[in-house]
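The values are calculated or read from the model by the stated rules, or taken from the named source; none is laboratory data. Quantities reported herein were computed from a predicted structural model and do not represent experimental measurements. Cβ placement follows ideal geometry from the backbone for every residue including glycine, while neighbour counts extend to all protein chains displayed.
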Amino acid sequence: MEFQEVIAHRRDGVGNSQEELEMVAHAAADVARSVPNAPVRDYHLSAWLMAAYLRPLGPEETAWLTVAMADSGERLDLTGLPKPWTDKHSTGGVGDKTSIILLPLLASCGMTIVKMSGRGLGITGGTVDKLESVPGFRMDLTPPELKAQAAKIGLAVTGQTANLVPADKALYALRDVTATVDSVPLIVSSILSKKLAGGAERVILDVKCGSGGFMDDLGKATVLARSLIETGERIGLPVFVSITDMSQPLGRCVGNLLEVKEAAEVLKGAPGRLTELCVRLAGHALVASGLSASEDDGFVRARHALNSGQALGRAEEWFAAQGSTVDVFGHPEKLPVAPVSLLVASPFGPGFVEKVDARVVGQVVLGLGGGREKTSDTIDPTVGVECLKAVGDEVGADEDLFVVHAASDAAAEEAAKHLVEAVKVAKKPAEPIPLVFKTLP
Ligand code: URA
């Protein structure tokens, strides 16, 4: 069959067969590997993506595409590692450093976690960039290295290798430049193909909802969550979803090394909204993995892992195993810092913070060089923003709202100008925003 027919079937609403979707995944893997003289080119795939955006894949088609994408490269086989094998994934958000806290926490509670993480794109950060910003930290572990480390400490994390779901590498890059990113079936197949290839028995998914994430309202986030669960059922990979708030930055810091330091503080026992979210997500993961009988039991166990230093101990082993040359937990002051820091005072009168728009803060950090607009951009790991006030906090006239960490005075001044646009101050305290909107199924 010619690929033009695959495109025409999608365009005309006929739909695509399993065989046709296998052709899509195969062709995308060839594009990712730059196979010379491949019969299907990136322009064919771009046309198919736009047709798939306008005529979305149905549930069966989404499952077929997901499996075909997972099979476009190598699949990890975790046989021999202690069970349960659980993977954790977030759809990404501004200041989302939960993986750095949750992974050692869950490993310290008895799970085996082998995780493939992604890089940041646009305003949402990526775990690969955050961890790679730690001097020496390796995010290029090979499958045998991943398995050997997970056998020792229950936890190993790597970036996407060239041979893991190559089809997603090409499709994701093409979606990014063809205005076809925000299609639920394409998002679902992209996420779950990587989870399937990663070898876990189940996935705990944090679907971020709000201006700083992919889905900016609860309705859309719920549609995505349901599709992830249904596709998981069809491909034999149980998926558990929490839909969590991303309307304001998560925690105090946004920016790669600043976030690593903040995650270390939480592992050392710092309280706050980020800590509470990690306890909630960990509690759900413990129940889903069969390690806790009830949510309450899961929350108690997760909190104990944090308060007793058990999660911290595992995190120290993890960072050392992956090559960190700085003692991030004992001596965070040894991590590199940006040359300029600037306090940003409130231009508003006294009152209560009603809004800190995650999207605006994310864009400011992108502008400082802390994120990338194109996959080829390099990032500055030291820059970012500390948010000194969160929604609900009281703020005095002239009180500081942010600290900007920048590469130059000019960049810091520019960031400060935009940051105040993220904030609204009201006379009365705002209703608190829930941490977790829903858990599914
Ligand atoms: N994360 C992914 O891995 N893929 C998407 O399409 C969206 C978020």
- Failed condition for Val181, given (1) of a type in the set (A, V, I, L, M, F, W, C); (2) surrounded by fewer than 22 Cβ atoms within 10 Å (Cβ to Cβ); (3) more than 10 Å from the ligand (Cβ to nearest atom): (3)
- Message: Checking the conditions here, which among Pro238, Pro249 is more than 12 Å from the ligand (Cβ to nearest atom), closer than 30 Å to Thr79 by Cα and of a type outside the set (A, V, I, L, M)?
- Response: Pro238
- Message: Please verify whether Val128 is free of Cβ contacts under 8 Å to residues at least 60 places away in the same chain, touching a strand residue (DSSP E or B) at 6+ places or on another chain (Cβ under 8 Å) and aliphatic (A, V, I, L, M), treating the condition exactly as stated.
- Response: yes
- Task: Please note which helices (runs of 4 or more DSSP H) are completely contained in region 183-268 and include at least 3 residues that are within 21 Å of Tyr172 (Cβ to Cβ).
- Result: 184-197, 218-235
- Task: Please state which one of Asp217, Asp206 is more than 10 Å from the ligand (Cβ to nearest atom), more than 21 Å from Val24 (Cβ to Cβ) and in contact (Cβ under 8 Å) with a residue 60 or more places away in the chain.
- Result: Asp206
- Among the residues of region 184-203, which ones are out of contact with any Ser or Thr (no Cβ under 6 Å at 6 or more places or on another chain) and within 10 Å of the ligand (Cβ to nearest atom)? Leu186, Ile187, Ser190, Ile191, Lys194, Lys195
- Task: Please state which of the following conditions Asp87 fails to meet, knowing it meets all the rest: (1) charged (D, E, K, R); (2) in contact with a helix residue (DSSP H, G or I) (Cβ under 8 Å, 6 or more places away or on another chain); (3) farther than 30 Å from Asp357 by Cα.
- Result: (3)
- Query: Restricting attention to region 215-238, which residues are crowded, with 21+ Cβ neighbours inside 10 Å and modelled with pLDDT under 95?
  - Reply: Met215
- Task: Scan region 264-296 residue by residue and report those that are of a type in the set (Val, Ile, Thr) and over 17 Å from Asn307 (Cβ atoms).
- Result: Val287
- For region 143-178, the count of residues that are within 18 Å of Leu21 (Cβ to Cβ), in a helix (DSSP H, G or I), within 13 Å of the ligand (Cβ to nearest atom) and touching a residue at least 24 places away in the same chain (Cβ under 8 Å) equals 7
